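*Asks:* Below are the structure tokens for one structure; questions will follow.
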Amino acid sequence: MIKLKRKICLSIQFVLLILFVFIANVSTSKEVTTVASNASNRVVNLSTMALKLEEDIQNDLYSAKDTFTGDITGYGANCPLCSGNLACSKYYVKDGTTTYPDEEYGIVRIVASSSNLPCGSVVRFELPSVSAEPIVAIVLDRGVLGNDLDLLMPSEEAASIYVGRKTKSYDVLRFGWQRIE
């Protein structure tokens with residue numbers, strides 16, 4: 001019941017955000033769009049409120065739901081036993097594709113996990129040998145054990161050169177295809 005209330009609240013916040021952004025964009029004058037509240041004699045800047053709401057949604061989207069530690073390794077779709085078809089989707093990666101367009105997180109990297117993380121889970125970890133920024137990746141494949149992750153790379157050679165095997169902590173941003181609050 002609490003999860004349902006939370007989802008309803010987030011849905012209402014999202015609708016309000018869209019409404020506020022629309023109102024702010026429709027306003028053609030250089031004046032600040034405000035609303036006076038009779039109850040508390042305060043004025044609310046709708047543009048600022050919309051930006052704050054958007055910031056809160058983004059902060060929630062990227063807040064860790066859980067943290068695990070495991071070995072991060074790399075693999076290429078050109079590995080000897082790889083078909084190029086990912087276990088969790090019909091996404092084909094034999095052509096060197098290493099990213100996936102997620103509806104919530106945008107373009108993310110692809111990782112393999114054990115069944116400890118459901119398909120569609122989104123994780124974040126740091127791997128400076130691959131990216132200066134933290135890597136946000138989605139679980140679309142299987143084939144590893146425990147809490148380990150296997151990062152999809154353009155080739156097996158790139159996987160061994162840039163990833164190797166490193167023990168790292170990683171944050172789970174979403175468990176499965178639906179975010180759990």
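*Asks:* Within 10 Å, Cβ to Cβ, of residue 64, how many net charges do the neighbouring residues add up to if Lys/Arg are +1 and Asp/Glu are -1?
*Replies:* 0
*Asks:* Oh, and also: Output the antiparallel fraction of DSSP beta bridges having both residues in region 42-181, as a percent to the nearest 5.
*Replies:* Antiparallel bridges make up about 70 percent of those DSSP assigns within region 42-181.
*Asks:* Please compute the net charge surrounding residue 116, taking Lys and Arg as +1 and Asp and Glu as -1 over other residues with Cβ under 12 Å from its Cβ.
*Replies:* Net charge in that neighbourhood comes out at -1.
*Asks:* List the pairs from 94/166; 52/166; 52/90; 52/168 whose alpha-carbon separation is above 30 Å, in the order I gave them.
*Replies:* Beyond 30 Å between Cα atoms: 52/166; 52/90; 52/168.
No value in this document is a laboratory result; all are computed from the given coordinates. Bear in mind the structure is a predicted one, so any value in this text is a computation, not a measurement. FYI the Cβ positions are ideal-geometry reconstructions off the backbone, even for glycines, and counts take in every protein chain you see.
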